Amino acid sequence: MAGSENGPVLQFAPFQSSVDEGFWHGFSSLKLNKLKTDESPVSITGFYAPCSNPQVSSHLTLLGESLPTDPSDDPLTETSRGNRNRCSAPGILYNTNTLEGFHALDKQGLLKSEAKKIWEDIRSGKAEEDGSVLSRFLVISFADLKKFNFYYWFAFPALILDPPATLVDLQPASKWFTPEEAESVSTCCNEWRMSSLTADVPFFLVSISSDSHATIRHLKDFEACQSEGHKIVFAFYDPCHLPNNPGWPLRNFLTFISARWNIKKVQFLCYRENHGFADLDLSLVGEALIQPSQAWQDQEHVPNAVGWELNKGKRVPRRINLSTTMDPTRMAISAADLNLKLMRWRALPSLDLSMLSSTKCLLLGAGTLGCQVARMLMAWGVRKITLVDSGKVAMSNPLRQSLYTLEDCLDGGDLKALAAVKSLQKIFPAVEAEGVVMAIPMPGHPVPSQEEQNVLDDCRRLHDLVDSHDAVFLLTDTRESRWLPTLLCANANKLTITAALGFDSFLVMRHGAGPLTAIDESKTESVTSLSASVEEMSLTQSDSKLRLGCYFCNDVVAPIDSTANRTLDQQCTVTRPGLAPIASALAVELLVGILHHPLGISAKAEFGNSLDSGSDEQPLGILPHQIRGALSQFSQMILVGHSSNSCTACCPTVVSEYRKRGLDFVLQAINHPTYLEDLTGLTELMKSANSFELDWDNETDNDDEDCVEI
């Protein structure tokens, strides 16, 4: 290795900083909630890694997790160790309450204070145990949280060697080592970097034996390596990419080596990588001469330091404006969208987030099911939710109905629909939620003549709500309250999901497409393109392809008043507490599955491990028609039920009659429940069933011909 003791002064490439927006988000919260006007310094953690690109140097980066959860805590103790891409460096943040205070800070004094800590760690031997202290840094800042302007300035204190180190030799590691040494060094470096115990240890020793075998040792093992007579190279993770300059961490490393072991000739390895593996062509090996300073003999002496980062070549602070991202609502949207985008990135590339966010969902019922469904919809990215309910929040509600609190129960109770919307907006400010206070007209509940107009107004309002939404959830607690919404959804061909609870059982189902083949030509254009596309997928009522049934298709009687003459246990919804979350989650998952199915509302019923699911498996899995569960057995069944031509809610006869007569038909069905049975033929069906007689042939001549005649 050629060189001269009067070689050039060793030049180091300065550290470069980078601050993630998440750091400022976290610091804003820390400032507002805990620090307030306290200007005490805050311990932070920076992260860097070896250079991994021959064109770009690695930066020391501040992330959201660089901050402690409590200002008095050390973030290094909270940060998980062993991450090969995050070598920790301890730092200190000085934040001022005013811009004037920021500019007035004693920068040189702060730099010297941090340099003193590094020097004390060298003298005490702490740096030998934990080399990360050699990379201490400091940040001064001012946070203007009104305008979301952040002023900041980094310093990477480097102790000045006096006289400075001189460079004897510097060349690519692949040329400095013999081929055998290079291969061994590369192997052991990769092992060091792969181990969770050492991956983020940035300063280490490379010990090479006489047979060219290399091992990596901790700094504290220096004396042991020296006694073995091995060649020792002092190595560090070099963030710099330059071919002729080592990175900034080497400055304090050389001071440590000289002060700790009084070594005058140091061979060092600037470790760099390519695609996560040691790259000895990019890495550098050099030899430097160090003359220990006479002043070091004074125990009170602290070397001078440099290290304030330049901003485009000037000694001025940096400024960043985050007004477009620091607003809490924007932050909430970004965080929610991130979770969904990660789902799409990792597992569901076909997930249509735009469709989900624009889907308008109408929730009929804001009770136990309605609260859970609303929250699940928001978790899936649905932003437009309307809740319909006429009740008030009772004292018994908050424990099971997750959108209400005790405050909603006071003074007679707030209206559920409005209280639920208020709660949704607190949870996620970006939700476009609306509460509608109204009762749903029901068959079997006759309407006095003086109330007819109000009931008709409610019918019109419900009709308009169904028309203006893309999907409807039937979540009310009586059977008859689901009849009119089912009819309106069948008429408008809307995606309809029903969820119903028993004491320990539940039903979740999707309604089939509307029974009629075409929408009236005079009908105005649909409110949304999604609704239009759903209507276009309506199935024809044909023998070749049966429609899926609705909630009422298996009934042989019309819905009647189920609320009269009920005891206390019948007046309240008595169910096991775990049912509602299960049923609600399945209902929302069913909706998301329908929206992503190519046939949408017209998709046939699918079963797990059956031929019905076909070979074209959907990304979200099968799309069943009905899901029935029993919590007592922890069981769940997938069933299918086709539409009935005698259904009181969705058959062609009922839908056609509604289109002909409109609200007059609805009013007659409400006041005269048997009308629906007469209209659909259920009355005749029951008469026929009652007239069935069994005639037994008692002849026993031939046992093989015994039969039953009906």
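The values are calculated or read from the model by the stated rules, or taken from the named source; none is laboratory data. The structure displayed is predicted, hence computed values, not measured ones. Positions of Cβ are backbone-derived with ideal geometry, glycine not excepted, and every protein chain shown enters the neighbour counts. For accessibility, only protein heavy atoms count, side chains too; no ligands or nucleic acids. Shrake-Rupley method; radii C 1.70, N 1.55, O 1.52, S 1.80 Å.
Observations, loosely collected:
- Hey, Glu452 modelled with pLDDT of 95 or more, surrounded by fewer than 23 Cβ atoms within 10 Å (Cβ to Cβ) and among the charged types (D, E, K, R) or not: no
Here's the yes/no breakdown for (1) free of Cβ contacts under 8 Å to residues at least 60 places away in the same chain; (2) open to solvent by 10 Å² or more (accessible area, probe 1.4 Å); (3) small (Gly, Ala, Ser); (4) farther than 30 Å from Trp24 by Cβ:
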position	(1), (2), (3), (4)
Leu111	no, no, no, no
Lys117	yes, yes, no, no
Ile140	no, no, no, no
Asp144	yes, yes, no, no
Leu161	no, yes, no, yes
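- Neighbours by Cβ (under 7 Å, 6+ apart or cross-chain): first from the stretch 13-40, on the phi < 0 side of the Ramachandran plot; second surrounded by 15 or more Cβ atoms within 10 Å (Cβ to Cβ) and in a helix (DSSP H, G or I): Phe23/Ser66; His25/Met331
- Looking only at the stretch 2-39, and only at residues there that are modelled with pLDDT of 95 or more and hydroxyl-bearing (Ser, Thr, Tyr), the one that is farthest from Glu65 (Cα to Cα): Ser17
- When the stretch 224-244 is filtered for residues that are surrounded by 20 or more Cβ atoms within 10 Å (Cβ to Cβ), more than 42 Å from the chain's Cα centre (by Cα) and within 21 Å of Phe156 (Cβ to Cβ), only Phe234 remains.
- Filter result (among the hydroxyl-bearing types (Ser, Thr, Tyr) and out of contact with any strand residue (DSSP E or B) (no Cβ under 9 Å at 6 or more places or on another chain)) within the stretch 623-654: Ser644, Ser646, Thr648, Thr653
- Elements of type helices (runs of 4 or more DSSP H) in the stretch 512-615, at least 1 residues being out of contact with any strand residue (DSSP E or B) (no Cβ under 7 Å at 6 or more places or on another chain), modelled with pLDDT of 85 or more and surrounded by 20 or more Cβ atoms within 10 Å (Cβ to Cβ): 579-596
- Some residue of the stretch 394-409 being assigned by the TED database to the domain that holds His672, assigned to a loop (DSSP other than H, G, I, E, B) and either open to solvent by 70 Å² or more (accessible area, probe 1.4 Å) or more than 28 Å from Thr329 (Cβ to Cβ) (or both): no
- From the list Leu110, Leu159, Leu99, Leu105, the lone residue that is under 12 Å from Pro303 (Cα atoms) and touching a Phe, Trp or Tyr at 6+ places or on another chain (Cβ under 7 Å) is Leu159.
- Of all residues in the stretch 257-273, those satisfying the criterion of being modelled with pLDDT of 95 or more and in contact with a Gly (Cβ under 8 Å, 6 or more places away or on another chain) are Gln267, Phe268, Cys270.
- When Thr680 is tested against (1) crowded, with 17+ Cβ neighbours inside 10 Å; (2) at pLDDT 90 or above, only condition (2) is not met.
- Residues that are closer than 18 Å to Gly82 by Cβ, open to solvent by 30 Å² or more (accessible area, probe 1.4 Å) and not in a helix (DSSP H, G or I) within the stretch 184-215 comprise Ser195, Ser196, Leu197, Val201, listed in sequence order.
- Leu387 vs. criteria within 30 Å of the chain's Cα centre (by Cα), of a type in the set (A, V, I, L, M) and either under 30 Å from His672 (Cβ atoms) or part of a loop (DSSP other than H, G, I, E, B) (or both): no
- Being open to solvent by less than 50 Å² (accessible area, probe 1.4 Å), aliphatic (A, V, I, L, M) and modelled with pLDDT of 90 or more is a description that applies to Ala288.
- Looking across the stretch 354-377, the residues that are aliphatic (A, V, I, L, M) and open to solvent by 30 Å² or more (accessible area, probe 1.4 Å) come down to Met355, Met376.
- Odd one out for Cys459, checked against (1) in contact (Cβ under 8 Å) with a residue 24 or more places away in the chain; (2) open to solvent by less than 50 Å² (accessible area, probe 1.4 Å); (3) over 24 Å from Asp555 (Cα atoms): (3)
- Scan the stretch 364-413 for residues that are of a type in the set (D, E, K, R) and closer than 15 Å to Thr476 by Cβ and the total you get is 1.
- Options Ala104, Ala89, Ala127; residue that is farther than 30 Å from Glu191 by Cα and assigned by the TED database to the domain that holds Ala295: Ala104
- Residue list for the stretch 207-236, filter: more than 25 Å from Pro292 (Cβ to Cβ) and touching an Asp or Glu at 6+ places or on another chain (Cβ under 9 Å): Ile208, Ser209, Asp211, Ser212, His213, Ala214, Ile216
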